[in-house]
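Bear in mind that the values in this text are calculations on the coordinates, not laboratory data. Everything numeric in this text was worked out from a predicted model, so none of it was measured. Neighbour counts are summed over all protein chains in view; Cβ atoms, including those assigned to glycine, are modelled from backbone coordinates with ideal geometry.
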């Protein structure tokens with residue numbers, strides 16, 4: 001049956017303690033300085049299709065309300081990173097926090113209709129709230145991905161319903177940096193609780209299920225209190241049936257939230273369980289899944305969500321968060337570095353060596369080298385190479401340092417397993433943690449350009465293997 | 001050793017070219033002077049030292065990394081009129097590169113008398129940085145890691161310490177002794193940027209710039225210019241008796257081996273080794289530690305000087321620290337290195353540094369180095385610069401100068 005064969009999540013390593021932003025329990029996830037919705041979606045996508053033959057994927061979707069580009073497809077970037085086939089359907093979904101589940105619905109129906117065998121659905125958000133507002137506490141940054149397949153391995157889709165709703169509850173105009181909202185009692189009672197309940201009830205009616213039949217319900221939850229209130233209103237036992245919305249550890253990750261909570265629900269489920277997932281945003285999409293035996297069979301049984309929540313570093317202060325999101329204006333760099341702008345033509349020409357980090361392997365002497373060469377650095381054979389994908393390789397840190405002009409960003413030479421050396425920035429790590437020959441993996445991040453010239457540029461960085 | 005062409009058997013420039021005049025400004029923060037002022041000062045000192053007129057110059061080479069463009073940047077301040085001038089840019093090796101090219105031109109008989117000048121005004125332009133000033137293809141897309149040279153040499157230091165089981169704190173103490181030595185030498189030099197002695201504690205307690213390198217492991221960033229007048233050797237005696245001959249030159253360029261080749265060890269600098277051995281072969285130097293009276297080398301960072309001791313054959317591999325401990329390279333040591341203070345304390349205006357080093361060796365060989373005068377036994381001195389960084393690749397250049 002059509003359903004979900006794999007899932008992936010990305011929770012940034014950084015946490016902001018809520019006591020630094022006006023109280024509230026726990027902490028929220030914060031995208032690193034070099035992360036955005038594109039890089040987080042890439043991370044979730046790679047986490048999801050780690051064990052999947054990338055050339056078997058027929059569609060790649062990206063959902064977000066915080067794409068780094070209004071015009072330029074992020075799903076195409078994800079496809080490039082994955083080395084996807086050229087004829088893959090890529091599409092970006094946006095417009096509301098429901099975009100992630102809408103993308104999922106389209107994927108499920110395409111596969112059901114037979115126009116695709118496998119579609120990768122990704123969702124990521126990194127929403128900004130006014131500094132000091134409650135939304136700043138509730139929001140969290142993160143991404144999730146689901147692989148929809150005709151012959152599902154871990155959960156079959158049984159039914160879905162979709163409700164639209166025209167309402168000004170939360171919105172961002174094309175000129176807004178921060179989320180706007182109306183009075184919160186109106187927002188939650190006339191918006192969130194009313195509409196999700198409508199979709200939930202519609203699904204229960206159409207399937208003839210009883211609330212007791214649901215093992216877990218993964219609900220979009222903007223704020224913990226409102227989520228529990230809604231669950232009670234739906235007749236659910238919040239303690240046993242409501243999936244922990246991860247509000248104290250991650251926060252509301254927008255379009256990614258229902259998919260991430262569904263992934264978390266899967267990790268606690270057993271074969272035969274029925275899981276309901278419902279999103280909210282200008283309406284609601286509700287899905288009923290039935291867990292399959294495959295969930296417990298490697299490679300499907302990995303605990304991804306819990307390990308990513310546990311793997312964290314706490315931000316030292318609020319100013320760091322503001323700087324990372326560019327919410328405070330910093331002085332222009334003082335040291336002249338004769339910066340040139342990124343070149344679109346060079347990036348285009350080098351797509352393969354940038355996005356999927358292709359190097360070459362010499363057919364004569366076997367030496368793996370990066371970036372791709374015309375003449376072998378070892379045996380000097382000319383044009384006698386095969387391209388090799390390097391971004392999935394683990395490696396070791398051959399040497400490292402940092403300098404003040406790069407604001408002490410650690411950099412280092414990384415030797416990859418199977419050969420090849422790449423000089424990379426190191427990320428999600430402090431200089432004091434680094435050791436010669438420590439194991440690292442690669443992660444796709446936004447490049448910290450001195451001058452952007454209207455472009456964002458992305459590349460790989462190395463980060464310590466922590467799990 | 002010279003697997004790729006240069007086997008030391010070619011005719012070369014030995015004893016075919018002589019330096020008859022040199023000039024060098026003080027290297028410092030010349031807030032009130034332009035690069036043109038510095039060029040005029042250095043070149044006129046050289047003209048006067050050689051007792052020639054600017055109009056005697058038949059061709060010129062101008063070395064700068066950032067403080068000029070085309071040969072006209074030298075012609076304009078000096079009003080050299082319509083002679084051939086080549087602008088040379090090979091980052092920190094630019095000065096040596098310009099000098100060596102000028103030597104080739106004189107040695108082959110194309111010119112009798114030429115000027116080589118290097119100048120840099122870093123305090124106006126800022127520092128060149130790998131990956132930003134480079135037009136190299138690798139950097140055009142701007143995705144690749146940017147770094148300052150200091151972090152590249154820091155990676156070299158960590159790997160070198162790791163290879164020879166030197167605890168990092170111990171390594172830092174060894175490096176600090178090199179800084180103390182070069183600051184001491186600089187304190188005796190009125191043209192040095194920093195004329196202040198420091199202690200090991202000063203060096204160890206200074207702010208870290210790029211772990212494990214601290215402030216005193218890094219050379220001065222400065223403005224300055226230096227110049228040389230060179231002639232065919234058989235003409236030299238017409239100008240002065242104590243002219244200085246070019247005994248051997250060497251140059252070697254890497255090919256990004258340290259970054260692309262995953263087995264590159266990062267515990268020495270091959271380009272330095274090759275350039276020195278080319279120059280030794282031409283000059284007939286068999287045991288540099290015994291035969292050289294002094295060496296002025298590219299101590300952009302103290303770790304570089306430490307590795308030069310090994311790559312140049314002054315110390316056995318992995319043993320440089322023992323020679324540092326023994327004071328072998330101090331002013332009164334067995335082989336004084338960086339007698340003028342080195343890049344550390346004399347300062348490093350990039351395009352000018354190579355010629356500044358030759359200025360020191362020239363003055364030492366002539367016995368005019370004042371308080372810094374070393375004992376001239378074999379009448380041979382070595383100079384060396386190296387551009388680029390050890391984690392990608394470099395251009396190293398060496399010139400050995402001698403009397404008679």
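Taking the longest Cα principal axis of chain A as reference, the axis of helix A:194-207 is set at about 80 degrees. Counting Cβ atoms of other protein chains within 10 Å of each Cβ in A:446-452 and taking the mean gives 2. Put a dot 7 Å past the Cα of residue B:48, heading toward its Cβ, do the same for residue B:317, and the two dots end up 5.0 nm apart. Secondary-structure-derived ellipticity at 222 nm for chain B, considering helices only, amounts to -10000 deg cm²/dmol, per-run term -39500 (n - 2.57) for DSSP H runs with n ≥ 4.
Each of the peptides B:51-57, A:93-99 was scored by the mean count of other Cβ atoms within 10 Å over its residues; in descending order, highest first, they stand as A:93-99, B:51-57. Axis angle, to the nearest 10 degrees, between helix B:353-365 and the longest C-alpha principal axis of chain B: 70 degrees. What is the spin-label model distance, in nm, from residue A:173 to residue A:465 if the labels are put 7 Å beyond Cα along the C-beta direction? The modelled label-to-label distance comes out at 5.1 nm. The Cα atoms of the range A:367-464 give a gyration tensor whose axes a ≥ b ≥ c have a/c of 1.5 or more with a/b no greater than b/c, which makes the shape oblate.
For chain A, the antiparallel share of DSSP beta bridges with both residues in that region comes to about 75%. Return the calculated 222 nm mean residue ellipticity for chain A, to the nearest 500 deg cm²/dmol, obtained by summing -39500 (n - 2.57) across DSSP H runs with n ≥ 4 and dividing by the residue count. The helix-only estimate for chain A comes to -6000 deg cm²/dmol at 222 nm. Among A:377, A:354, the ranking by other beta carbons within 10 Å of each residue's beta carbon, starting with the fewest, stands as A:377, A:354. Using a cutoff of 8 angstrom between alpha carbon atoms and counting only pairs six or more residues apart, the relative contact order for the range B:30-112 works out to 29 percent.
Peptide B:254-266 has a mean shielding of 6, counted as Cβ atoms of other protein chains within 10 Å of each residue's Cβ. Label reach from residue A:184 (point 7 Å along Cα→C-beta): in the range A:200-230, amide nitrogens under 16 Å belong to A:221-230. Ranked by how many other Cβ atoms sit within 10 Å of their own Cβ, fewest first, the residues B:142, A:389 fall in the order A:389, B:142.
Using a Gaussian network model of chain B in which every pair of alpha carbons under 10 angstrom is joined by a spring, one finds that among B:310, B:334, B:325 the greatest mean-square fluctuation is at B:325. For the peptides B:298-305, A:315-322, the ranking by mean Cβ contacts within 10 Å, running from highest to lowest, is B:298-305, A:315-322. Between B:246, B:260, B:40, the GNM of chain B built on Cα springs shorter than 10 angstrom shows B:260 fluctuating the most. Overall shape: rounded for the range A:3-324, with the ratio a/c of the largest to smallest alpha carbon gyration tensor axis below 1.5. Ordering A:176, A:58, A:50 from the fewest to the most neighbouring beta carbons within 10 Å gives A:176, A:50, A:58.
Counted residue by residue at 0.36 nm each, then reduced by the alpha carbon distance between them, the extension gain from residue B:165 to residue B:199 reaches 9.7 nm. Its residues counted as N, chain B yields a C-alpha radius of gyration over 2.2 N^0.38 Å of 0.91.
Spin-label model, residue A:453/residue A:384: points 7 Å from Cα along the beta carbon direction are separated by 3.7 nm.
Partner shielding of A:350-363 amounts to 1, given as the average count of beta-carbon atoms from other chains within 10 Å of each residue beta-carbon. Of the residues B:24, B:108, B:117, the one that moves most in a GNM of chain B with alpha-carbon contacts below 10 Å is B:108.
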